[in-house]
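Since the structure comes first, as structure tokens, the remarks are kept for the end.
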Amino acid sequence: MIMSRTIDTLLEESRSFPPSPEFAARANVNDPGIYSEALRDPQAFWAKWADSLHWFQRWHTVLEWNLPDAKWFVGGKLNACYNCIDRHVEAGNALRTAFIWEGEPGDSRTITYGEILIEVSKIANALKELGVQHGDRVCIYMPMVPELAMTMLACARIGAAHSVVFGGFSADSLQERINDAEAKVLITADGGWRRGGVVPLKKIVDQALDLGCPSIERVLVLERAGAPGTITNGLATPEYDRGAWQEGRDVRWADIVSRQSDVCDCEPMDSEDLLFILYTSGSTGKPKGIVHTTGGYLTGVAATTKWVFDLKDDDVFWCTADCGWVTGHSYVVYGPLANGAQVVIYEGAPDAPDKDRFWRIVERHGVTVLYTAPTAIRTFMKWGDAYPKRCDLSSLRLLGSVGEPINPEAWMWYHEVIGGGRCPIVDTWWQTETGSILITPLPGITTTKPGSATQPFPAIRAAIIDEAGNDVTPVQGALGYYSCASGSDAPTTGPAVGGYLAILDPWPSMTRGIWRDPERFFDVYWKRFPGRYFPGDGAKVDHEGYFWLLGRVDDVMLVAGHNISTMEVESALVDHHAVAEAAVIGKSHDVKGQAIAAFVIIRSEIRYESDGLIAELKAHCAAKIGAIARPDDVIITAELPKTRSGKIMRRLLRDVAEGRALGDTTTLADPAVVNALREKYESEEG
Ligand code: ATP
Ligand code: MG
């Protein structure tokens with residue numbers, strides 16, 4: 001989709017929330033001067049963060065940059081696992097809590113840094129016994145149990161790269177990812193608990209291997225769900241298929257890990273050695289095997305965790321993402337542990353056994369910082385306020401959001417109902433490719449605005465680029481650190497300017513490429529705007545230099561010559577009291593180019609008559625944005641097609657609305673949803 005004009009609709013979002021003086025006073029960073037300081041010498045800024053890590057050998061050059069190839073901390077040697085565990089133990093913190101884990105049945109474990117060191121060393125030695133060496137790839141397909149995080153760290157310890165595949169993926173998707181990475185060993189579990197049932201992971205692994213995975217030599221299997229009938233915290237494991245054991249290939253965790261030595265030296269890794277490969281979530285097409293290396297990645301996640309989440313020793317940090325996604329890599333495992341944090345991990349669904357599960361966890365463990373996704377927040381809104389209201393959420397002091405643009409109404413709900421009006425919200429924009437957060441508030445400094453990810457992290461320069469490749473970023477950031485491109489005649493006051501988001505300089509945690517596909521890497525991210533990184537997202541910047549992310553540029557609609565972002569119409573719909581969630585797409589239209597079709601989910605407590613409500617919703621969009629944004633079709637639905645990480649897959653909705661065969665559906669969470677929508681759409685449209 002072409003952004004031939006700047007986006008000219010603008011939600012009138014005028015609410016703003018400065019940090020409270022008490023929060024700012026205690027914050028890890030509260031001096032706005034750090035922005036200009038970082039920009040004066042970005043390499044010195046990053047080198048200072050890298051110096052906060054442990055290096056076996058210090059680097060000699062901070063950055064070698066030959067677009068698109070970045071090398072950070074060249075010549076340095078370090079180990080990510082050593083930085084996440086050993087150095088905390090050596091500093092006398094062996095008894096400090098690292099993980100507070102809850103299984104879905106309510107079983108729980110608290111694991112200290114000292115215990116993790118022992119367990120990770122044993123897993124690492126077991127991997128060595130299975131033939132894993134420095135440079136090999138290990139595929140991990142596990143439920144959210146502590147062993148998942150510890151296995152990632154064990155790989156890092158011995159210099160093997162992990163490729164974690166989310167436990168909700170099918171055998172086909174697993175096979176595709178194993179083969180692309182040419183993984184040598186696959187680590188899985190018998191099954192993981194999910195919404196009262198068991199996901200038969202080992203069985204799916206068997207299916208994937210039957211489809212053909214020539215690189216896999218051994219399969220290591222953790223017993224998690226146990227045989228049907230096993231009692232966990234009073235709950236019996238239901239019937240499920242445990243797969244077929246294959247002697248010689250399959251190895252029981254209990255048989256190999258427990259008998260290992262608890263000493264395993266950390267492999268000194270080159271700063272640019274591969275740490276992991278991770279496949280993107282596939283919202284826009286075939287997933288890409290994103291490559292991350294060691295020194296730069298760890299520097300980026302350590303810095304952002306400390307400043308964005310204002311992490312302190314007494315914090316209890318809960319990032320609800322699964323380790324199958326980049327958020328789980330950077331903000332469940334590497335970033336928090338590099339900072340010695342106390343991390344909550346939860347295995348199961350947010351509505352098991354009831355829709356208050358998240359809030360029970362916050363209450364029980366005294367969670368202070370909660371980081372979750374807009375899709376979850378909108379689901380909680382749909383379920384109603386009663387669930388969070390019956391729990392004590394007073395331990396919370398900071399909230400975060402990631403994954404999609406957060407609609408202002410969902411932001412306000414999060415702020416009021418979950419944060420009790422007192423917690424700053426950090427809406428963090430980043431991607432699998434960026435490795436760590438790039439656009440975000442700093443909670444002790446930034447005045448937030450609902451729906452805006454605010455400003456680039458210190459030392460990052462982001463810009464708005466027009467179709468012709470010009471930097472049209474309208475103003476200096478509110479914090480006074482960004483100057484627009486010289487010669488730009490963009491206004492310094494007035495409405496927001498929209499276009500393509502670009503990142504102007506390399507940063508340490510940036511991806512080093514798509515696994516074994518340098519051409520695709522260059523074409524996707526570097527070709528469109530020479531010299532700048534193009535993430536594929538649209539954004540606008542307002543007169544105070546705040547960034548408002550608009551989603552992927554593929555999702556921008558061109559209606560009668562106007563660019564309208566799907567996100568803005570969705571936010572207008574969610575602003576209506578009856579709507580919990582909305583997905584908007586442009587479908588081809590003879591006269592207008594594209595016409596707007598909206599799919600909406602109604603809040604569970606609302607009673608309605610659909611014709612009346614549909615007319616009201618159309619009028620509401622017109623009133624909020626303008627007549628141009630009135631949807632032609634509004635379809636009320638119970639579900640939306642989402643990726644397994646919970647992002648709305650608008651490309652499939654476009655296929656439905658335009659009556660086409662569906663594109664790649666392998667990353668879809670529930671394929672039945674699109675078929676149901678297709679039937680409903682076809683019956684209502686006519
Ligand atoms: P694929 O690249 O395979 O289509 P994906 O882009 O969904 O998948 P991720 O890397 O998990 O895979 O998601 C990154 C994208 O999520 C960003 O490019 C952006 O579109 C969106 N995103 C993440 N955080 C935010 C945020 N705070 N505000 C707006 N959008 C966000
Ligand atoms: Mg992407």
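Counted as qualifying within the range 167-259 are the strands (runs of 3 or more DSSP E) with 1 or more residues that are among the polar types (S, T, N, Q), namely 185-189.
Against the numbered list (1) out of contact with any strand residue (DSSP E or B) (no Cβ under 8 Å at 6 or more places or on another chain); (2) part of a loop (DSSP other than H, G, I, E, B), residue 84 comes up short only at (2). Counting the residues of the range 558-572 that are assigned to a strand (DSSP E or B), touching a helix residue (DSSP H, G or I) at 6+ places or on another chain (Cβ under 9 Å) and closer than 26 Å to residue 15 by Cβ gives 3.
Among the residues of the range 277-295, those identified as within 16 Å of ligand 1 (Cβ to nearest atom) and not in a strand (DSSP E or B) are 280, 281, 282, 283, 284, 285, 286, 287, 288.
Screening residue 511 on (1) crowded, with 18+ Cβ neighbours inside 10 Å; (2) at pLDDT 85 or above; (3) away from ligand 2 (no atom under 16 Å from the Cβ); (4) β-branched (Val, Ile, Thr) shows it passes everything except condition (3).
Scanning for something within 25 Å of residue 255 (Cβ to Cβ), surrounded by 18 or more Cβ atoms within 10 Å (Cβ to Cβ) and under 25 Å from the mean Cα position of the chain (by Cα), does the range 49-58 turn up at least one residue? Checked against the condition, which is being within 25 Å of residue 255 (Cβ to Cβ), surrounded by 18 or more Cβ atoms within 10 Å (Cβ to Cβ) and under 25 Å from the mean Cα position of the chain (by Cα), the range 49-58 yields no hits at all. In the range 391-411, the qualifying residues are those that are farther than 20 Å from residue 552 by Cα and hydroxyl-bearing (Ser, Thr, Tyr), and the one that is nearest to ligand 1 (Cβ to nearest atom) is 395.
In the range 583-602, the condition of being among the basic types (Lys, Arg) and farther than 24 Å from residue 453 by Cα is met by at least one residue. All of 518, 508, 530 fail the test of being within 19 Å of the chain's Cα centre (by Cα) and under 29 Å from residue 293 (Cα atoms), apart from 508. The set of residues from the range 420-451 being within 16 Å of ligand 2 (Cβ to nearest atom) and not β-branched (Val, Ile, Thr) comprises 429, 430, 431, 433, 435, 436, 438.
In the range 573-623, how many residues are of a type in the set (A, V, I, L, M) and in a strand (DSSP E or B)? The number of residues fulfilling the criteria is 13.
The one condition from (1) over 26 Å from residue 603 (Cα atoms); (2) part of a helix (DSSP H, G or I) that residue 382 does not meet is (1).
Would you check if there is a residue in the range 312-321 being closer than 24 Å to residue 103 by Cβ, more than 16 Å from ligand 1 (Cβ to nearest atom), outside any strand (DSSP E or B) and among the small types (Gly, Ala, Ser)?
no
Could you tell me whether the range 415-425 includes any residue that is within 16 Å of ligand 1 (Cβ to nearest atom), buried (at least 21 other Cβ atoms within 10 Å of the Cβ), modelled with pLDDT of 95 or more and not in a loop (DSSP other than H, G, I, E, B)?
Looking through the range 415-425, at least one residue is within 16 Å of ligand 1 (Cβ to nearest atom), buried (at least 21 other Cβ atoms within 10 Å of the Cβ), modelled with pLDDT of 95 or more and not in a loop (DSSP other than H, G, I, E, B).
Inspection of the range 290-311 identifies at least one residue that is within 16 Å of ligand 2 (Cβ to nearest atom), farther than 15 Å from residue 339 by Cα and surrounded by fewer than 24 Cβ atoms within 10 Å (Cβ to Cβ).
Taken as a whole, the range 261-276 holds at least one residue that is within 16 Å of ligand 1 (Cβ to nearest atom), closer than 30 Å to residue 86 by Cβ and in contact (Cβ under 8 Å) with a residue 24 or more places away in the chain.
When residues of the range 122-162 are filtered for being of a type in the set (S, T, N, Q) and surrounded by fewer than 24 Cβ atoms within 10 Å (Cβ to Cβ), how many remain? Break it down into steps so the answer makes sense when it comes.
Residues of the range 122-162 of a type in the set (S, T, N, Q): 125, 133, 151.
Filter again for surrounded by fewer than 24 Cβ atoms within 10 Å (Cβ to Cβ), leaving 125, 133.
Looking only at that region, the number is 2.
Taking first residues from the range 659-686 that are in a helix (DSSP H, G or I) and partners that are surrounded by fewer than 13 Cβ atoms within 10 Å (Cβ to Cβ), the Cβ contacts under 9 Å between residues at least 6 apart in sequence or on separate chains come to 673/638; 676/638; 678/659; 681/659; 682/659. Among the residues of this structure, residue 376 counts as one that is closer than 23 Å to residue 106 by Cα and touching a residue at least 60 places away in the same chain (Cβ under 8 Å). Whether any residue in the range 472-488 is outside any helix (DSSP H, G or I), away from ligand 2 (no atom under 15 Å from the Cβ) and modelled with pLDDT of 85 or more is what I want to check. Yes: the range 472-488 contains one or more residues that are outside any helix (DSSP H, G or I), away from ligand 2 (no atom under 15 Å from the Cβ) and modelled with pLDDT of 85 or more.
The values are calculated or read from the model by the stated rules, or taken from the named source; none is laboratory data. Note that the coordinates shown come from a computational prediction; the quantities given were computed from them, not determined experimentally. Reconstructed Cβ throughout: ideal geometry from the backbone, glycine too, with neighbour counts over all protein chains shown.
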